[in-house]
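Each remark here refers to the structure printed beneath this line.
The values are calculated or read from the model by the stated rules, or taken from the named source; none is laboratory data. Since the structure is predicted, the reported quantities are computational estimates derived from the model, not experimental observations. No Cβ is skipped: glycine too gets one built from the backbone with ideal geometry, and neighbour counts run over all protein chains shown.
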């Protein structure tokens, strides 16, 4: 699955992917079962909580392998400030072979990056997305 943030202004940012400019390869810890989000369901490395007011909290981690320890350190320091804090979040659900199954949207979500770690050529960031219902379209 791919997860994108679409801020009010500026380009979309893919949270689950590589940064082509850095030559970064991302290993995703995002489950393919996100299409089946229900209240209180938990998946390995993904926690989804849904209150009575249709608020959902989605948490996942992404580990990226960088070309060098220096590039990893730079990415680790700069990444948190590069992630928009609000926007529409797009989930693209894919089959293991890469074919797109569906896409879903969480409108007006809040996004936080926390617990970034850096070790050698690898960085790991944990993202939390808080929003309401998940829709088949952006608007």
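The residue list 81, 119 contains one member that is farther than 22 Å from residue 134 by Cβ and at pLDDT below 90, which is 81. Taken across segment 21-37, residues that are at pLDDT 85 or above and either loosely packed, with under 12 Cβ neighbours inside 10 Å or part of a loop (DSSP other than H, G, I, E, B) (or both) do not occur at all. In segment 78-97, the residues that are on the phi < 0 side of the Ramachandran plot reach residues that are part of a loop (DSSP other than H, G, I, E, B) with C-beta atoms within less than 6 angstrom, at least six apart or across chains, in these pairs: 84/7; 88/138; 93/1. State all residues of segment 63-74 that are within 20 Å of residue 126 (Cα to Cα) and either surrounded by fewer than 17 Cβ atoms within 10 Å (Cβ to Cβ) or without any contact (Cβ under 8 Å) to a residue 60 or more places away in the chain (or both); if no residue qualifies, say none. The answer is 63, 65, 66, 69, 71, 72, 73, 74. Filtered by the rule that a residue be over 17 Å from residue 126 (Cα atoms) and assigned to a helix (DSSP H, G or I), segment 75-93 gives no residues.
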